[in-house]
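Below is one structure, written out as C-alpha cells; comments come after it.
The values are calculated or read from the model by the stated rules, or taken from the named source; none is laboratory data. Bear in mind that the values here come from a model prediction, so they are computed numbers and not experimental data. Please note: Cβ atoms are built from the backbone with ideal geometry, for glycine as well, and neighbour counts cover all protein chains shown.
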Amino acid sequence: MLGAMTDQAPPDRDGDHAPPDRDSRGTELHTNRVERGWRPATIAVHAGMAPDELTGAVAPPIYQTSTYAQDGVGRPRGGWEYARTGNPTRSRLEASVAALEGGTRGLAFASGSATTQVIATLALPSETILCSNDVYGGTFRLFEGVLRETGVDARYLELSGDGSALDSALDERTRLVWIETPSNPHLKIIDIRAIADRLAEHRGARGERPILVVDNTFASPLGQRPLELGADIVYHSATKYLAGHSDTINGVLATSRANLHERLAFLQNAIGAVPGPFDCFLVLRGIRTLALRMERHTQNASRVAEALAQRPDVSCVRYPGLRDGPYAHPQGAIVARQMHLTGGMLSFDPAPRAGRSAEERARRFSEATRIFALAESLGGVESLVEIPAVMTHGSVAGSELEVSPALVRLSVGIEDPDDLVADVLQALDAA
C-alpha cells in the first residue's frame with residue numbers, strides 16, 4: 001500500500017494525538033489507499049480521493065473547520081483535535097502526494113516557500129547546505145536573507161550532469177544537498193541517482209549521511225520520481241503543476257523516511273504554515289487531471305521549443321525534450337533515463353537584431369504575445385511568459401546565480417499547439 005501515513009507523529013502538539021490515519025474504530029481510512037501496481041495516471045485520480053467514508057460521496061467533503069468536538073478530556077474523536085495539527089482534507093492531499101511520488105508519507109504547507117523553509121530548518125547553525133547553482137529565486141532569498149543570519153551556510157555548485165563537483169565540496173558540516181532538476185530558469189538536468197550515490201558513504205553534519213532534497217516542481221511526479229532515484233525528500237510548489245489552474249497557493253513534500261517525516265511533521269505543527277482545507281481541495285482536484293495535463297504540456301512545449309530552435313534570430317533554446325540540432329539538451333542522456341515526461345517549461349534568448357539588443361528584444365517579445373500572459377508563476381493550464389532577471393529571480397541579481405536580462409522563460413499551457421507556435425513566432429517578429 002502506497003501513501004498510507006502509518007507512523008504516529010510526536011505527541012508534542014496541541015493535544016496528545018497525532019493527525020489520524022485511522023477512524024474512531026481503529027479501521028484504516030481507505031482515503032489513503034492505492035493498489036500495488038497502479039500506474040501514476042491511475043494514482044493521480046484515486047490517491048487521497050476514495051469516496052467519503054461516512055456517506056460514500058465520490059467528491060469528498062471539504063472539512064472547513066478550525067477545531068473538533070472531543071468525546072472527553074484528552075479523548076479527541078478519531079484523533080482530530082485542532083486544524084493546524086490535522087485536517088481530513090489536508091490529510092487526503094498529503095496521502096495523494098506521497099502516493100504519487102512513490103513515498104509513504106506526505107505533508108502539506110501554506111506555500112512552496114513555506115515548504116522550503118520547513119525543510120531547510122533541518123539544518124542547524126554551523127551546518128551547511130550544498131545547493132545547485134540554478135534555483136528558484138525565493139530559495140536563494142531564504143538561504144541568503146534568512147538562514148545565513150542564523151549561522152547556516154549555503155554554497156552553490158554546478159551540479160548539472162553527474163554532480164561530480166559535489167565530491168570536493170562535501171565535508172563534516174554538510175547537512176543538506178539541495179537540487180532542482182529541471183532547474184529554474186536554465187532547465188539544467190541533474191542526475192539524481194548519481195548524486196545519491198555520491199552521498200551514500202559520506203558522513204556530514206552530526207556524523208550522518210547528508211539529506212538529499214529535490215525540488216520536483218518543474219517535472220511533477222508524472223515527469224520523474226526522485227524518491228525512487230535515491231532522494232530523501234521531494235517537494236513541490238503545489239501552486240504550479242499539481243494544482244494546475246493558477247487559483248491557489250500551496251506546497252507539499254513527500255518522504256519514505258519515518259525519522260524525517262516525524263521531525264518535519266513536528267515542524268509543520270510548531271511553525272504553523274499550513275494550508276487551509278479549501279486550498280487543499282483545489283490541489284486535490286487539480287491532481288486528478290495531472291496526467292492528462294502533463295502530457296499536453298509536454299507535447300505543446302516540444303512544439304514551441306522546436307519552432308524557436310528553427311529561428312535564426314534566437315541564440316539559445318533550453319528544453320529537456322530537445323534531442324537534436326544545435327540546441328539539443330546537453331544532458332539528454334540523463335533526461336532519457338530519468339524523466340518520463342519533459343514538461344512544459346522552457347527558456348530561450350533572442351539574438352540581437354535590427355539595432356535592438358537581446359535584452360530589448362526579450363522585453364519586446366514578452367509584451368507582444370497575445371496568448372502567453374506576462375506573469376510570474378508557472379504550471380497552469382494557461383501559457384505564461386516572463387523575464388526572470390526582473391521577476392521571479394530578481395533576488396539573485398548581483399550574485400553568482402544572476403540571470404541574464406535577455407533570458408525569456410515560458411510556461412507552455414494546454415492551448416492548441418498551432419496557436420501557441422503562431423503566437424511565439426509573431427511576438428519574435430515584433431520584437
Specify the residue that is nearest to A98 (Cα to Cα); the eligible residues are those in the stretch 215-230 that are touching a helix residue (DSSP H, G or I) at 6+ places or on another chain (Cβ under 6 Å) and buried (at least 24 other Cβ atoms within 10 Å of the Cβ). P221
Working only within the stretch 386-403, note down all residues that are in contact (Cβ under 8 Å) with a residue 24 or more places away in the chain and more than 20 Å from A243 (Cβ to Cβ). I387, P388, H393, G394, S395, V396, S399, E400, L401, V403
Could you tell me whether A406 is closer than 16 Å to D313 by Cα, within 27 Å of the chain's Cα centre (by Cα) and in a helix (DSSP H, G or I)? no
Please work out which residue is farthest from M339 (Cα to Cα), limiting yourself to the stretch 164-188 and to residues that are in contact with a helix residue (DSSP H, G or I) (Cβ under 9 Å, 6 or more places away or on another chain) and among the polar types (S, T, N, Q). T174
Cβ contacts < 8 Å: first residue in contact (Cβ under 8 Å) with a residue 60 or more places away in the chain and within 14 Å of I190 (Cβ to Cβ), restricted to the stretch 321-340; second residue assigned to a helix (DSSP H, G or I) and aliphatic (A, V, I, L, M), any location; separation 6+ or different chain. Result? H329/V335; Q338/I192; Q338/L229
Restrict the check to the stretch 301-313 and report whether at least one residue is more than 25 Å from D419 (Cβ to Cβ) and either out of contact with any strand residue (DSSP E or B) (no Cβ under 7 Å at 6 or more places or on another chain) or not small (G, A, S) (or both). no
Mind listing whichever residues of the stretch 354-385 are surrounded by 15 or more Cβ atoms within 10 Å (Cβ to Cβ) and farther than 22 Å from H245 by Cβ? R356, A358, E359, E360, R361, A362, R363, R364, F365, S366, A368
For the stretch 293-307, state whether one or more residues are over 20 Å from the mean Cα position of the chain (by Cα), modelled with pLDDT of 95 or more and outside any helix (DSSP H, G or I). no
Residues of the stretch 90-136 being buried (at least 24 other Cβ atoms within 10 Å of the Cβ), in contact with a strand residue (DSSP E or B) (Cβ under 6 Å, 6 or more places away or on another chain) and among the polar types (S, T, N, Q), which ones? T115, S132
Pairs with Cβ under 6 Å, 6+ apart, first in the stretch 66-86 and over 21 Å from A265 (Cβ atoms), second surrounded by fewer than 18 Cβ atoms within 10 Å (Cβ to Cβ): D71/R77
Inspect the stretch 190-204 for any residue being surrounded by 20 or more Cβ atoms within 10 Å (Cβ to Cβ) and within 15 Å of V135 (Cα to Cα) and give the result as yes or no. yes
Collect the residues in the stretch 354-384 that are touching a residue at least 60 places away in the same chain (Cβ under 8 Å) and in contact with a Pro (Cβ under 7 Å, 6 or more places away or on another chain), keeping them in residue-number order. R361, A362, F365
Within the stretch 408-431, residues hydrophobic (A, V, I, L, M, F, W, C), over 14 Å from H297 (Cα atoms) and crowded, with 21+ Cβ neighbours inside 10 Å come out as V408, V424, A427, L428, A431
For the stretch 235-251, how many residues meet the condition of being farther than 15 Å from F278 by Cα and among the β-branched types (V, I, T)? 0
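Keeping to the stretch 37-56, report how many residues are touching a helix residue (DSSP H, G or I) at 6+ places or on another chain (Cβ under 7 Å) and part of a loop (DSSP other than H, G, I, E, B). Walk me through it before giving the result.
First, the residues of the stretch 37-56 that are touching a helix residue (DSSP H, G or I) at 6+ places or on another chain (Cβ under 7 Å): 40-41, 43-44, 47-50, 53.
Keeping just the survivors that are part of a loop (DSSP other than H, G, I, E, B) gives 47-50, 53.
Qualifying residue count for the region: 5.
To keep it simple, each residue is scored yes or no on (1) modelled with pLDDT of 95 or more; (2) in contact with a strand residue (DSSP E or B) (Cβ under 7 Å, 6 or more places away or on another chain); (3) on the phi > 0 side of the Ramachandran plot.
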{"position": "L187", "(1), (2), (3)": "yes, yes, yes"}
{"position": "A196", "(1), (2), (3)": "yes, yes, no"}
{"position": "E208", "(1), (2), (3)": "yes, no, no"}
{"position": "D215", "(1), (2), (3)": "yes, yes, no"}
{"position": "Y235", "(1), (2), (3)": "yes, yes, no"}
Could you tell me whether any residue of the stretch 139-158 is at pLDDT 95 or above, on the phi > 0 side of the Ramachandran plot and not acidic (D, E)? yes
Which numbered condition in (1) within 22 Å of the chain's Cα centre (by Cα); (2) at positive phi is the only one that R90 fails? (2)
When you check L199 against the structure, is it touching an Asp or Glu at 6+ places or on another chain (Cβ under 6 Å) and not assigned by TED's automatic domain parsing to the domain that holds G332, yes or no? no
